[in-house]
1. HN-Hα J couplings of the stretch 162-178 from phi, Karplus 6.51/-1.76/1.60, θ = phi - 60°, integer Hz, Gly and Pro as x?
2. I need the phi-derived Karplus couplings for the stretch 47-62: 6.51 cos²θ - 1.76 cosθ + 1.60, θ = phi - 60°, integer Hz, Gly and Pro marked x.
3. Using label points projected 7 Å from each Cα along Cα→Cβ, tell me how many nm separate Y102 and K122, to one decimal.
4. Using a 1.4 angstrom probe on heavy atoms only, work out the carbon and sulfur share of the accessible area of the stretch 85-174 in %.
5. With every protein chain left in place, what is the accessible area of Y173 in Å² (1.4 Å probe, nearest 10)?
6. May I ask you to evaluate 6.51 cos²θ - 1.76 cosθ + 1.60, the Karplus curve with θ = phi - 60°, for each residue of the stretch 135-149 and list the ³J(HN,Hα) values in order in whole Hz, giving x for glycine and proline?
7. Skipping prolines and chain starts, which residues have an amide H placed within reach, meaning under 5 Å, of the one on L48, given they are 5 or more residues away or on another chain?
8. In what sequence, highest mean first, do 88-95, 61-68 appear when ranked by Cβ atoms within 10 angstrom?
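The values are calculated or read from the model by the stated rules, or taken from the named source; none is laboratory data. Not measured: the values here are computed from a predicted model. Positions of Cβ are backbone-derived with ideal geometry, glycine not excepted, and every protein chain shown enters the neighbour counts. SASA here: full protein model, heavy atoms, side chains in, ligands and nucleic acids out. Shrake-Rupley method; radii C 1.70, N 1.55, O 1.52, S 1.80 Å.
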Amino acid sequence: TKEVLLSPQSQINSFENCHYHFHTVSMTASSGQQLVLPPGIRLHTRCLLKAYVNHSKSTGLWITTINTEEYPQQKGKSRSKGKKCLKAFSFNNEFEAKETAYVNAPPAMMPLGANCYNCDVKFKNFFRGPINCRNCGVCICKNCSVKWHGSMVPETYNKKKAKKIDVCVTCDYLASCF
């Protein structure tokens, strides 16, 4: 059995290693035009949850297994409380299996903090508290979130199968550019 780990555990538990703050970012859109992030938008490089690709000699298929437990485990305790946290797919070749693992592995959710990742506003109470972007995992306030239809992200990102999901304004801006 050949096993490939596509997202190292160190990335999941160490958020300081996987997000970067850029006020101006040079990217190229599909139209070939240079993109610069507008003021007030901060870019976050998402950390993906673990995904494994294995080859089954008995069937000849490549199996992709994706962890869907959004929050990192703390001190060996699982937050899923016995719910299903793995999703498996089978493919005829290794390339498709790896690409599917990369595309469908959901982001690890950043711990809910005291301030919004995007605008740095302090959260005042539980009812107007923090939420996580379902596309990149950052902790944001209601003003820095946009509602997307649940079908706009892979089903592994939307475990609860919600019709509407919250995403950050950065993900919304970037999605509109490509």
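1. My calculation for the stretch 162-178 gives 5, 6, 10, 10, 8, 10, 6, 5, 5, 4, 5, 4, 5, 5, 6, 8, 10 Hz in order.
2. The phi angles translate into 9, 8, 6, 4, 9, 10, 10, 10, 9, 9, 5, 5, 9, x, 9, 9 Hz.
3. Here the modelled spin labels are 4.3 nm apart.
4. 57 percent
5. Number for this one is 60 Å².
6. 9, 10, x, 6, 8, 10, 8, 4, 5, 9, 10, 10, 8, 10, 5
7. Counting only residues 5 or more places away or on other chains, the set is A108.
8. Per-residue mean Cβ counts within 10 Å order the peptides as 61-68, 88-95.
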